[in-house]
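A.B. asks: A single structure is presented below for examination.
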Amino acid sequence: MKKFIFALTCIYSMLDAQEKPFGSIAGQLIDGTTNQPLVGANVVVIEQSTIGAITDNDGNFTIKNIAVGEYSVRATMVGYKNTILTNIVVSTGRSSKIKMRMNEEAVEVGGVEVRADYFSSEGSISTISTIGLNAAEVKRSPGSALDMQRIVQNLPSVANSNDQSNELIVRGGSPDENLTIMDHIEIPTTNHFPNQFNSGGPINMVNVDLIEDIRFSTGGFPANFGDKLSSVMDISLREGDKERSIAGEAAAHFAGTGAVFEGGFADQKGTWIFSARQSFLETLDKIVGISSLGITAIPKYYDLQGKVTYEFSPSQKLIISGIYGNDIILINGEPDEENDQKKFVKDSTGVENVDVKTSQFAVGATLRSLFGADGYSLFTVYMLGNRYDVNVSEDFMYREYDANGAVTKFQKLLSNSTYVNDATERMLCAKYDLLFHLFDDHELSVGGQAVTTEKFVNNVYFNSDTLRFDLNRDGDFTDPYPLDIDTSTFANGRIRNALGFGDEYKFGGYVSDKFLITDKLSATIGLRYDYFTYSQKGNWSPRASMSYELIPLTTKLNFAYGEYYQTLSLPQYGDNIGGSTNRSLDNSHARHFVVGIEHILDEGLKATLEAYRKSYDHIAVNEQFIRSADKTFRSDKRLSNGERVSQGIELFIQQKQVEGFYGTFSLSYSSTVTKDPRENISGLPPINVGEYSSDYDFPFLLTIVAGKTVKDVRATLNESPFFVKYPSYILPLSDDMEFSFRFRYSSGRPFTPRVFTPYIQRREGTITWSKGVWEDGAQINSARYPDYHRLDLQWINRWHNEGYNIVMIVALQNVYNRANVAGYQYVSDGTRNTIYQFSFFPVVGASVEF
């Protein structure tokens, strides 16, 4: 131990003995609407007001000889709002790359105190329900495990079902209702271990070190975006460092172990950046043990990501981006357990094993053409692909318990394959977007998109239940089918859900006009049309929004309305015979109304209050659920008659980093209810309750994030007496540190209580009959899991050295070890086990930049 402490002391002494090195900030300033470079703007480092630069003919600037540390820069230009970008980390050996957007000044503001705009640099999707995050805000977010989807869970009315998934439930919407765009490429999922019905997953493939900024809209988005009902996440990836032939970073943290390399070529006309990572959990398991993390198996994955740009001219640029992920996980069920209720018992049970192999990719190219102050165009072609290979088997086990209720002996009697999903998706896409200033006060956007399903094959096999019923409840199961029904539904064998096609198309087009009505009132009106050839369904989607400046540059009143349609997840069009039973399902529909007010409270401090209502209809519902009053009814048909309403109010307060402090406060109250589609059947007890809480109903959501940068700690200690200075080297303290926390509270997720029914029995392992089955009760989602809450802490340490930098992250997740419930496991012997979410665990990560 003494040698270890001595070694640490030597290392930290060497790191901190060096003089403070210098770095630089290099970036580009562009018009927030037209993307045109802004020439002659003044860019100044706020903390060192005598240091700055003027943008050149391409809008580029470089500020040199800045002492390493964290800074904010201010951009000023006649006719534009003063704009500030915060959280710029200046390191040695490389220039810190930034991109800033400035918006034109719309009104004269004489007599009004002018505050700089901290909130426009990331750009915006809409005037309402849109939040922008810059690169530093994405990378520093506590509790996010460097996962961009977990980062946006900090925003109002964005919920998730459990810690094991980063899915986004936005304003009561399903997780498959969210549109993700990365460098103009629309990607169905950016997660490892995805599925076909959900945009979430356990961990994201996108390396946050490559993110330039994120724009996230939770509703009321304009006609430019289609085929999704709830939200839009628009991600811009940063370009490589064109001033260096090669630069890089190696890192090991919760998101993975890997490296990023970048550089320039062709006399700085081109840039490239590339990332490669693999799973870090396998290494973490060797250190702390996987059981302490609340994880039952070790996911193995790797991902590749890259971006290349080339400037043909100052007005034309080619952008090529791509991402690939490959995932493997094997979950072997454990037959041993401890159960006080099973002392000296001998039983038999099924143990489930899950084998998952998935891969996904997206690659595309965009030609961006600038038309000066008149606008720009984007022409994008891209390809998407996904591969799913899921196998679930069940081992039927004999077990014996001892006096403590622990399994002492078990034996496998039989093994069956219970579920197989073999699916391939591959699509080719092309889209064109044009923004053009038609008149002085009109900003016209038009565009179109075509998606061809080059290949879609979805084969799902699962063993149907072999059931027997004691309908008169006399204990006699000798006649398992007393009703005149199709017994093949219950026969041993496989039910097949299949769908396959190629050369089906999705078409979409839009037109949108943003214009000024008065100096204080602006509006955006748009119309969109989408059509899917397979279902032969098309829909018109009108959208509109308005923004009124109550107090110039300080207070705005915003409103949005829109009709939104979404085609179903492709497997939902399938049936059990590979036919066309569900081919003509309607597209799901949602109507948005949003009203809000935003107010600038102080430097970098903005408060937003919004209320919304989303009305859903034409949601696909299984006919078997509709007729669930009849326990013997089976069907693979779906009907487009589901309805849901979500409404709520949100408060969001955001403090951009000013004087070293930053944070967000997010509070929302909402209600999401589903109209009960179930039919009451004559002669059977009524089950329709009118409406019930939706699966996505989380009434209360509260998230608080706050952080503080701390400077010159090491330098201060070095000037302290020796009895303070030298013992302090035991701790990894630097001159550039950051402490932050996140607290999150959520109402418990609704669930349907299950009832153990001994009058229906299931054949287990083709060997014996179960003691009964667990059935959903008639009161859908009438219960809730316990409320969720959790506290996460994070400490970031940076050592800046000549030619390289070291960054260390220490994260403590679920600090007070809250036992948040993820769900319940229902066993065929009538018992119920509780499944918990992540317990307390520390994560230490490090990266080296060079």
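The values are calculated or read from the model by the stated rules, or taken from the named source; none is laboratory data. Bear in mind the structure is a predicted one, so any value in this text is a computation, not a measurement. Every residue, glycine among them, receives a Cβ derived from its backbone with ideal geometry; neighbour counts consider all protein chains shown. Surface accessibility is based on the protein's heavy atoms, side chains included, excluding ligands, DNA and RNA. Shrake-Rupley method; radii C 1.70, N 1.55, O 1.52, S 1.80 Å.
A.B. asks: Would you compute the Debye intensity of segment 310-467 from its alpha-carbon atoms alone, equal scatterers and no solvent, and pass along log10 I(q)/I(0) at q = 0.10, 0.12 Å⁻¹ to two decimals?
C.D. replies: -0.64, -0.74
A.B. asks: Solvent-accessible area of Tyr804, probe 1.4 Å, all protein chains present, reported in Å² to the nearest ten, please.
C.D. replies: The value for Tyr804 is about 80 Å².
A.B. asks: Right, something else. Between beta-carbons, use under 10 Å as the cut-off and find the net charge around Asn458, counting Lys and Arg +1, Asp and Glu -1.
C.D. replies: -2
A.B. asks: Next up: Ranked highest first by average number of other Cβ atoms within 10 Å, how do 691-698, 42-49 line up?
C.D. replies: Peptide ranking by packing, descending: 691-698, 42-49.
A.B. asks: I would also like to ask the following. Using only the heavy atoms of the protein chains and a 1.4 Å probe, how would Met808, Met102 rank by accessible area, largest first?
C.D. replies: Greatest to least solvent exposure: Met808, Met102.
A.B. asks: Might you work out the accessible area of Phe700 for me, using a 1.4 Å probe with all protein chains in place, and round it to the nearest 10 Å²?
C.D. replies: Phe700 exposes around 100 Å² with every protein chain in place.
A.B. asks: Let me know the shape class of segment 738-784, please: from the alpha-carbon gyration tensor, a ≥ b ≥ c as square roots of the eigenvalues, rounded when a/c is under 1.5, otherwise prolate if a/b is greater than b/c, or oblate.
C.D. replies: Here segment 738-784 falls in the oblate category.
A.B. asks: Of His184, His253, which has the most accessible area with a 1.4 Å probe, and how do the rest follow in descending order?
C.D. replies: His184, His253
A.B. asks: Here's a follow-up. By how many degrees, between 0 and 90 and to the nearest 10, does the Cα long axis of helix 2-17 differ from the longest principal axis of the chain?
C.D. replies: Long axis of 2-17 versus the principal axis of the chain: about 40 degrees.
A.B. asks: Kindly sort Thr664, Thr271 by accessible area of their heavy atoms, largest first, with the probe set to 1.4 Å.
C.D. replies: Greatest to least solvent exposure: Thr664, Thr271.
A.B. asks: Whenever you get a sec, compute what percent of the accessible area on segment 585-723 sits on carbon and sulfur atoms (1.4 Å probe).
C.D. replies: Here carbon and sulfur together make up 57 percent of the probe-accessible area.
A.B. asks: Could you provide, to the nearest whole Å², the per residue accessible area of the chain with probe 1.4 Å?
C.D. replies: I get 42 Å² per residue for the chain.
A.B. asks: Now, a different point. Select one label from (1) 1.10; (2) 1.05; (3) 0.98: the one whose number is Rg/Rh (Cα atoms, Kirkwood Rh) as derived from the coordinates shown.
C.D. replies: Recomputing Rg/Rh (Cα atoms, Kirkwood Rh) here picks out (3).
A.B. asks: Which of the lysines could be linked to Lys506 by a straight reach, that is with a Cα gap under 29 Å, when you skip same-chain ones fewer than 8 residues away?
C.D. replies: Lys228, Lys307, Lys317, Lys357, Lys431, Lys455, Lys514, Lys537, Lys614, Lys637
A.B. asks: Post the alpha-carbon centroid distance, segment 184-237 to segment 647-690, in whole angstrom.
C.D. replies: 21
A.B. asks: With θ set to phi - 60°, apply the Karplus curve 6.51 cos²θ - 1.76 cosθ + 1.60 along segment 838-850 and write out the HN-Hα couplings as whole Hz, x wherever there is a Gly or Pro.
C.D. replies: 4, 8, 4, 7, x, 10, 10, x, 8, 9, 10, 9, 8
A.B. asks: Right, here's the next one. If packing is taken as the average number of other Cβ atoms within 10 Å across a peptide's residues, how do 821-828, 386-393 rank, most packed first?
C.D. replies: 386-393, 821-828
A.B. asks: What is the local net charge at Glu643, summed over the other residues whose Cβ is closer than 11 Å to its Cβ (Lys, Arg +1; Asp, Glu -1)?
C.D. replies: Neighbour charge sum, excluding Glu643 itself: -1.
A.B. asks: What accessible surface, in Å², does a 1.4 Å probe find on His789, ignoring ligands, DNA and RNA and rounding to the nearest 10?
C.D. replies: 50
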